[in-house]
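Notes for the one structure printed next.
The values are calculated or read from the model by the stated rules, or taken from the named source; none is laboratory data. Predicted model, so just to flag it, every value in this text is computed and none were measured. As a convention, Cβ positions derive from the backbone with ideal geometry for all residues, glycine included, and neighbour counts pool all protein chains shown.
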Amino acid sequence: MRGQAVISEEKESLVLTFLRSLPGRMIVSILVLTLILGAILISSILFLSINAQKETFVQSSREEANTLARAMGLDPDYLEIKDIFANSVLSHGVVYVELAGTIGHGESFKKAKDNHLKFLQDTEFGGHGDNVYYLSEPIRDGNGNLIGVLKIGYDELRLANQAKHMIHRSVVFGLVYMWALMLITASLAMRLTNPIKSLQKACREIASGQIDKVLNIESNISEISGLGNDLEHMRRELVASNKKIAASEARYLTILDHAAEGIFIFDKQGVIHSFNRSAEQLFGYSEDEIVGRDIAALITPPGVFEHSKDHLKNFMQMEISRLIGR
């Protein structure tokens, strides 16, 4: 259980590290935007496309039914009409046909793909939820007299199946598009972060003491290359400044070490930091022995200093502060 908890914490840490990184934030941002905008766009396109197909289906069905009714009015051969519709029910998306009126000497004709189908006049696609678009057309003879009524039903499932296939294709396209977009985003993010990581590594090497490490960052992104050039310029200035300081300090130490007078340096707390050769001869202490000790040790005997060092230390700090004006 403990091992599982450790693994879980490591995975959580990796996830948080990824989400806080530039590639992670870019990928997540693009993914969220694509999901939101893509869903809205694809849904809108599908909605408009399916509605357009429904309108086309209704319009073509009405035109076909009107053409059939006019043809029957001009040539009302009842037997031929029965044969045509008997075959049409099995194909062309027609699932219901009914003829009524004086056509064919008043004989009625009805043919349905399924016995449960019942004619219900529709005003729009999917009006009654029975997956059949029903409509009726009057049949008139050459003189314009009403001789019958054509009732016909078209299968709406064909269009519904087409819509389902369209939705499936859209979903697959959306997933492929998102995957490709994530790969492109990851590639761009790596192009951004790799030069920054190289710059970060070089800065750490310089901080560890490799001050001659050149910040040479190759990037096609002007901001990153400009940052690298600015940091390299700063490094050169710091290196040159440190060299000047080191040279000046070396000269100062050389002068101090070869001076004829005894010279030592201490801070405002009275702690000695430097002790030249003449001071070693004058006070009888080597630099290694006295550096880091209190200045009071130079002016009091060893036994006296050990017993009253706190008093002497306070006194010397007061005198030092008075002499330097603080």
Inset, instruction - Could you figure out which of (1) on the phi < 0 side of the Ramachandran plot; (2) in a loop (DSSP other than H, G, I, E, B) isn't true of S198? - result: (2)
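Results for (1) assigned by TED's automatic domain parsing to the domain that holds L35; (2) farther than 29 Å from I27 by Cβ; (3) at pLDDT 85 or above, shown as yes or no for each residue.
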residue	(1), (2), (3)
A186	yes, no, no
A202	no, no, no
A207	no, yes, no
V239	no, yes, no
Legend entry - Subset tally (residues that are surrounded by 11 or more Cβ atoms within 10 Å (Cβ to Cβ) and under 23 Å from N131 (Cβ atoms)) for segment 44-70: 17
Legend entry - Selection status of N229, surrounded by fewer than 14 Cβ atoms within 10 Å (Cβ to Cβ), within 58 Å of the chain's Cα centre (by Cα) and farther than 30 Å from A189 by Cα: no
Inset, instruction - Please enumerate the residues belonging to segment 265-279 that are hydrophobic (A, V, I, L, M, F, W, C) and in contact with a helix residue (DSSP H, G or I) (Cβ under 7 Å, 6 or more places away or on another chain). - result: F266, I272, F275
Inset, instruction - Go through segment 123-143 and count every residue that is touching a Gly at 6+ places or on another chain (Cβ under 9 Å) and surrounded by fewer than 14 Cβ atoms within 10 Å (Cβ to Cβ). - result: 1
Legend entry - Test for S170: is it within 33 Å of the chain's Cα centre (by Cα), within 30 Å of V95 (Cβ to Cβ), assigned by TED's automatic domain parsing to the domain that holds N115 and in a helix (DSSP H, G or I): yes
Legend entry - Qualifying residues in segment 108-138 (those that are aromatic (F, W, Y) and in a loop (DSSP other than H, G, I, E, B)) - the one farthest from M72 (Cα to Cα): F125
Legend entry - Subset of segment 120-135 (residues that are in contact (Cβ under 8 Å) with a residue 60 or more places away in the chain and closer than 18 Å to L68 by Cβ): Y133, L135
